[in-house]
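Colleague: Handing you a structure now.
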Amino acid sequence: MTAATTPLPNATILGYPRIGRRRELKRAVESYWKGATSEAELRATAAELRTATRARLVELGLPALGGAVPESFSFYDQVLDATLALGAIPHRFADVAAREGASDLDVYFALARGDENHQPLEMTKWFDTNYHYSVPEIDERTPFAANAAALVEQVAEARAQGVDSRPVLVGPVTYLLLAKASDEAGGGFKPIDRLDEVVAVYAELLSALAAAGAAWVQLDEPALISDSLPTTRDETLALVERAYRELGSAAERPAILLTAPYGDSSRVLARLGALPAEAVQADLVRGALPEGSLADGSLARAFEGTQLVAGVVDGRNIWRTDLRTAFARVEELQRAGIAAVVGTSNNLQHVPHDVADESKLDARLKSWLAFADQKVEQAVVLARGLAEGAAAIEDELAASERVLADRAAAPGVRVDAIRARTAAVGGADRSRVSEGERREAQRSLGIPQLATTTIGSFPQTGEIRRARAAFTRGEIDRQAYDGFLREEIERVIRLQEEIGLDILVHGEAERNDMVQYFAEHLDGFAVTEHGWVQSYGTRATRPSILWGDVSRPAPITVEWSAYAQSLTDRIVKGMLTGPVTILAWSFVRDDQPLADTAAQVALALRDEIDDLVDAGIRIVQVDEPALRELLPLDADRQAAYLDWSVGAFRLATGGASPEVQIHTHLCYSEFGEIIDAVDGLDADVTSIEAARSRMDVVEPLGEHGYSRGIGPGVYDIHSPRVPSVEEQAELIRIAASRIPGEQLWVNPDCGLKTRGYEETVASLTNLVRAARTVRESALATSGR
Ligand SMILES: CN1c2c(nc(N)[nH]c2=O)NC[C@@H]1CNc1ccc(C(=O)N[C@@H](CCC(=O)N[C@@H](CCC(=O)N[C@@H](CCC(=O)O)C(=O)O)C(=O)O)C(=O)O)cc1
Ligand SMILES: N[C@@H](CCS)C(=O)O
Ligand SMILES: [Zn+2]
């Protein structure tokens with residue numbers, strides 16, 4: 001083998017945001033999709049972004065040589081990149097790949113987005129983050145053939161820039177464990193069955209990278225830390241050992257950095273150290289070192305000849321690192337005789353670019369924050385300490401302590417009145433009267449069987465976003481913006497009446513985002529101007545910063561919901577984002593348990609529900625799409641999480657009187673494994689994503705004896721495709737065969753904000769007809 005003899009320098013990061021400081025990649029890719037720019041122009045923009053990233057990392061102090069600069073660019077998604085690198089194009093896309101003149105990029109985007117003849121690859125959550133990847137589809141016949149072109153091009157581009165970069169790839173075990181068996185797979189087939197073949201292709205990719213001059217390659221294996229995969233952790237470790245022994249023995253390859261981000265690898269770390277990888281990374285923010293392994297020398301023995309990248313800089317949040325504590329941890333490794341490298345806990349793709357871009361954030365708050373660039377600087381400081389001794393970085397260590405002390409003492413971080421209120425919360429605050437009593441009380445709402453409704457948002461048109469942007473820039477005043485929103489609400493109400501929906505919504509036009517909007521109206525939060533983080537593909541969000549004790553200075557949604565209700569005789573649902581989702585999609589303070597923060601948010605929402613009800617709103621939906629996302633990957637920590645998260649939802653909704661119907665909405669994830677928790681939310685009605693899985697989720701609910709209202713989605717809102725009446729009716733029938741009809745609601749999978757009006761109106765019209773068709777046929781069969 002030709003593994004580099006140059007060790008990793010003593011600081012590195014696992015990856016850097018790739019969307020561009022001003023979301024340049026989004027604009028470039030979307031413009032290419034529209035046909036406004038050519039592939040060559042798109043590729044040129046991508047190359048510029050990569051070049052700027054490398055230059056920035058070198059400027060921030062990551063050494064150019066030694067492969068410290070990760071090459072973690074992606075046009076859309078890193079798992080999709082691996083699919084292309086492996087040539088694992090699902091058969092159903094073979095015609096796209098064979099199309100004359102089709103480029104790799106055409107195939108890539110066809111897999112990501114689908115087209116008129118192809119459903120896109122499914123998208124799902126990447127571990128416990130708010131990032132979504134394109135799920136590979138593998139079966140016995142899926143072709144595998146190394147396609148190193150994109151990786152090699154980037155290595156060459158970096159070398160031309162004078163930078164030795166380290167290509168970053170999802171590792172073979174994680175790739176296959178995150179894949180699903182394609183619809184064509186035989187019964188019992190599992191993608192991981194093809195590990196040996198896939199490892200052989202990785203070996204070819206590594207050989208191509210070595211030939212291109214890459215000294216290092218990074219292979220990410222977060223599967224190692226997860227209990228939410230098809231294999232047990234012991235099985236995953238055995239698979240990783242098998243794969244890396246094979247890769248390690250490859251004739252021509254770069255040195256390998258094997259990473260285990262997003263959780264605790266303490267149970268497996270010593271075994272990883274013994275593998276033929278030249279460096280192994282451990283997430284030491286979420287995880288620990290194996291107990292006693294420094295004192296007894298076992299870790300040092302396992303890591304003899306292997307560098308340990310200590311992930312002490314948190315890549316999941318935006319708080320400045322406690323440098324003194326972090327330094328003590330890496331120094332301890334060094335003292336134990338381990339070749340320690342300072343690293344991040346994970347790829348920095350989950351944090352925004354640079355705090356310096358934020359001109360409107362309060363200066364004091366800003367001094368507490370570290371986005372990607374600041375995290376790099378912090379890793380570099382710690383590395384300098386390792387190289388030159390603690391005294392060399394004493395100024396930085398002392399400054400870090402001052403930041404932490406300032407944060408702890410700042411006004412708003414701890415507010416006595418808020419703390420007194422959460423301290424007084426008792427079990428009764430989390431309980432409503434029995435479900436049966438509520439059902440009786442809610443009869444007055446006059447809700448029909450198979451009631452039709454939507455999940456809340458209507459299309460966020462360019463016009464709405466432009467009006468908001470104009471308001472933010474001060475080009476139109478509050479009165480003009482509010483007037484615009486009222487017109488929008490009225491239009492949406494009339495539209496729903498015309499379509500014939502039973503329970504209406506106001507459409508959420510006032511919301512830039514379902515979390516950020518609430519953060520903007522709650523004390524204890526700050527929002528950013530440019531703090532974009534990729535959510536999937538070209539879509540991003542600006543997670544809010546929850547820095548202090550949370551309270552609600554004034555009603556938030558009441559004006560909009562009450563206005564919508566004033567326009568119609570039908571019931572309008574109030575629409576709130578739940579406490580768990582608000583935390584999941586924000587950067588949350590790390591100085592107290594999430595449970596305590598969640599209770600504060602819950603009480604603010606509880607007050608909002610009170611005000612909505614006082615204003616005449618009779619149904620309130622509290623969305624918790626992220627309930628499953630925050631479920632710890634570590635099985636040992638799941639029960640405690642479910643306890644506080646369900647408790648927070650119940651605290652938010654527990655003050656609603658029996659005749660008020662509480663809905664919740666869940667999407668983006670498999671909820672099967674947390675059905676008890678969904679039941680525990682004690683919502684009267686739950687809408688849940690189900691169309692793409694053809695109502696699979698309803699089966700466990702039926703088996704579970706779920707007795708509440710349930711609205712399994714019958715319209716997949718992820719694509720512009722218009723589902724026919726018959727198609728939706730069929731899904732309603734499937735649901736009705738598993739759950740009693742009186743419990744069933746008819747709704748789309750999720751909100752319609754990313755859809756256009758044309759397909760929305762057509763699809764909802766079909767949805768209402770489908771519900772009618774099934775109602776009528778049920779009446780006919782029952783002879784009523
Ligand atoms: C439901 N999901 C959400 C998640 N996390 C959230 N925090 N919020 C969510 O809704 N996680 C799981 C899923 C992920 N799904 C999505 C779906 C769609 C998007 C998306 O479309 N994002 C938009 C940005 C949305 C936004 O914040 N808009 C703002 C700012 C708009 C903007 O860019 N303005 C322009 C000017 C406008 C113009 O002139 O046209 C500008 O500032 O330059 C708003 O509406 O005000 C995206 O474009 O990526 C994300 C996650
Ligand atoms: N009420 C929100 C839920 C999204 S998960 C919407 O309709 O967009
Ligand atoms: Zn949803």
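The values are calculated or read from the model by the stated rules, or taken from the named source; none is laboratory data. These numbers were taken from a predicted model, which means no experiment stands behind them. Don't worry about glycine lacking a Cβ; one is built from the backbone with ideal geometry, like all the others, and counts go over all protein chains shown. Surface areas here come from the heavy atoms of the whole protein model, side chains and all, with no ligands, DNA or RNA. Shrake-Rupley method; radii C 1.70, N 1.55, O 1.52, S 1.80 Å.
Colleague: Take the Cβ-Cβ distance between residue 104 and residue 590 as r, set R0 to 45 Å, and report the resulting FRET efficiency rounded to the nearest 0.05. Mind showing how you got there, number by number?
Modeller: Details: r = 41 Å, r/R0 = 0.91.
After rounding, the FRET efficiency stands at 0.65.
Colleague: Would you mind telling me the share, in percent, of accessible area of region 354-437 contributed by carbon and sulfur at probe 1.4 angstrom?
Modeller: Working: 2230 of 4070 Å².
Ligands and nucleic acids excluded, carbon and sulfur give 55 percent.
Colleague: Can I ask one more? Taking 8 Å as the Cα distance limit and 6 or more residues as the minimum spacing, I'd like the relative contact order of region 142-221 as a percentage. Intermediate results must be reported in sequence, preceding the final value.
Modeller: Values: 80 pairs, mean separation 40.2, N = 80.
50 percent.
Colleague: For the chain, what is the accessible area per residue in Å² when the probe is 1.4 Å? Let's see the in-between values first.
Modeller: On the way: 29000 Å² over 784 residues.
Result: 37 Å² of accessible area for each residue.
Colleague: Kindly provide the helix-only [θ] at 222 nm of the chain, computed as the sum of -39,500 (n - 2.57) over DSSP H runs of four or more divided by all residues, to the nearest 500 deg cm²/dmol? Spell out each step's value before the answer.
Modeller: Details: 28 runs with 323 residues, N = 784.
So the calculated ellipticity at 222 nm is -12500 deg cm²/dmol.
Colleague: Distance between the C-alpha centers of region 466-525 and region 204-267? Whole Å please.
Modeller: 47
Colleague: How many times 2.2 N^0.38 Å is the alpha carbon radius of gyration of region 498-553? Working shown, then result.
Modeller: Numbers: Rg = 14.9 Å, N = 56, 2.2 N^0.38 = 10.2 Å.
Here the Cα radius of gyration is 1.47 times the empirical estimate.
Colleague: Hey, any idea what % of region 631-763's accessible area is carbon plus sulfur with a 1.4 Å probe? Numbers along the way, then the final one.
Modeller: On the way: 2280 of 4640 Å².
That fraction is 49 percent.
Colleague: Each residue of region 751-756 in order: what ³J(HN,Hα) in whole Hz does its phi give by Karplus 6.51 cos²θ - 1.76 cosθ + 1.60, θ = phi - 60°, with x for Gly and Pro?
Modeller: x, 9, 4, 8, 9, x
Colleague: Another question, if that's okay. So for region 24-409, if I pair up every lysine 8 or more residues apart or on another chain, how many of those pairs have alpha-carbons under 21 Å apart?
Modeller: Details: 26/34; 26/125; 125/180; 125/190; 180/190; 360/375; 366/375.
Counting lysine pairs in region 24-409 gives 7.
Colleague: Set the Förster distance to 60 Å, then compute FRET efficiency between residue 461 and residue 298 from the Cβ-Cβ distance, nearest 0.05. Spell out each step's value before the answer.
Modeller: On the way: r = 61 Å, r/R0 = 1.01.
After rounding, the FRET efficiency stands at 0.50.
Colleague: Over the Cα atoms of region 439-782, what is the Rg over Rh ratio if Rh follows Kirkwood?
Modeller: Details: Rg = 19.3 Å, Rh = 20.4 Å.
Reported Rg/Rh (Cα atoms, Kirkwood Rh): 0.94.
Colleague: For region 462-549, with all protein chains present and a 1.4 Å probe, just round the carbon and sulfur fraction of the accessible area to a whole percent. If you can, show how the numbers build up before the last one.
Modeller: Values: 1590 of 3450 Å².
On region 462-549, the fraction of accessible area on carbon and sulfur atoms equals 46 percent.
Colleague: Could I ask something else about it? Can you classify region 329-477 as rounded, prolate or oblate using the Cα gyration tensor, where a ≥ b ≥ c are the square roots of its eigenvalues, rounded means a/c under 1.5, and otherwise it's prolate if a/b beats b/c and oblate if not? Working shown, then result.
Modeller: Working: a/c = 2.38, a/b = 1.79, b/c = 1.33.
The shape class here is prolate.
Colleague: Another question about this same structure. Return the Rg/Rh value of region 24-409, two decimal places, where both radii are evaluated on C-alpha atoms and Rh is the Kirkwood radius.
Modeller: On the way: Rg = 21.2 Å, Rh = 21.9 Å.
Rg/Rh for region 24-409 comes to 0.97.
Colleague: Taking amide hydrogens as modeled 1.01 Å from N in the peptide plane, which residues meet the under 5 Å criterion relative to residue 339, leaving out close sequence neighbours?
Modeller: Residues meeting the criterion, in which the H sits 1.01 Å from N, are 308.
Colleague: At q = 0.05, 0.08, 0.09 Å⁻¹, what log₁₀ I(q)/I(0) does the chain have when each alpha carbon counts as one equal point scatterer in the Debye sum?
Modeller: Here the Debye-derived log intensity ratios amount to -0.26, -0.69, -0.88.
Colleague: For the chain, what's the relative contact order in percent, using C-alpha pairs closer than 8 Å and at least 6 residues apart? Could the numbers behind the result be given before it?
Modeller: Numbers: 1525 pairs, mean separation 90.8, N = 784.
Reported as a whole number, the value is 12 percent.
Colleague: Here's a follow-up. Can you compute the charge dipole magnitude of the chain about its Cα centre, using +1 on each Lys and Arg Cβ and -1 on each Asp and Glu Cβ, nothing else charged? Give it in debye, rounded to the nearest 20.
Modeller: With Lys and Arg at +1 and Asp and Glu at -1, about 720 debye.
Colleague: Given a Förster distance of 51 Å, report the FRET efficiency between residue 670 and residue 392 from their Cβ-Cβ distance, rounded to the nearest 0.05.
Modeller: Working: r = 49 Å, r/R0 = 0.97.
Computed FRET efficiency for residue 670 and residue 392 comes out at 0.55.
Colleague: What does the charge count near residue 134 come to, summing +1 for each Lys or Arg and -1 for each Asp or Glu among other residues with Cβ under 10 Å from its Cβ?
Modeller: Numbers: positive: 113; negative: 77, 81, 122, 137.
Local charge sum for residue 134: -3.
Colleague: Mind listing the long-range amide H neighbours of residue 540? Cut-off is under 5 Å, sequence gap 5 or more, other chains count too, H placed in the peptide plane at 1.01 Å from N.
Modeller: 535
Colleague: If amide hydrogens are placed 1.01 Å from N in the peptide plane, which non-local residues have theirs closer than 5 Å to the one on residue 686?
Modeller: Residues meeting the amide H criterion: 664, 709, 710, 711.
Colleague: Defining a contact as two alpha carbons under 8 Å apart and six or more residues distant in sequence, what relative contact order in percent does region 535-670 show? Intermediate values should be presented prior to the final figure.
Modeller: On the way: 192 pairs, mean separation 41.9, N = 136.
Once normalised by length, the contact order is 31 percent.
Colleague: Another question, then. If Lys and Arg each add +1 and Asp and Glu each add -1, what is the summed charge of the other residues whose beta carbon sits under 14 Å from the beta carbon of residue 430? List each step's numbers first, then the result.
Modeller: Details: positive: 432, 606, 650; negative: 429, 643, 682.
Value of the local net charge: 0.
Colleague: Moving to a separate point now. Write down Rg/Rh for region 540-661, rounded to two decimals, with Rg from the C-alpha atoms and Rh from the Kirkwood relation over Cα pairs. List each step's numbers first, then the result.
Modeller: Working: Rg = 15.4 Å, Rh = 15.3 Å.
Rg/Rh for region 540-661 comes to 1.00.
Colleague: Quick one: what are the phi-derived ³J(HN,Hα) couplings along region 423-440, Karplus 6.51/-1.76/1.60 with θ = phi - 60°, whole Hz, x for glycine and proline?
Modeller: Using θ = phi - 60°, the values come out as 5, 8, 5, x, x, 5, 5, 9, 10, 9, 5, 4, 4, x, 4, 5, 4, 4 Hz.
Colleague: Another one. Projecting each Cα onto the charge dipole of the chain (Lys/Arg +1, Asp/Glu -1 at the beta carbon, about the Cα centre), which of 480, 281, 298 comes out farthest on the positive side?
Modeller: 480
Colleague: Packing-wise, with mean Cβ within 10 Å as the measure, how do 743-750, 454-461 rank, highest first? Present the calculation step by step, with values, prior to reporting the outcome.
Modeller: Working: 743-750: 24.6, 454-461: 22.5.
Those peptides, ordered most packed to least, come out 743-750, 454-461.
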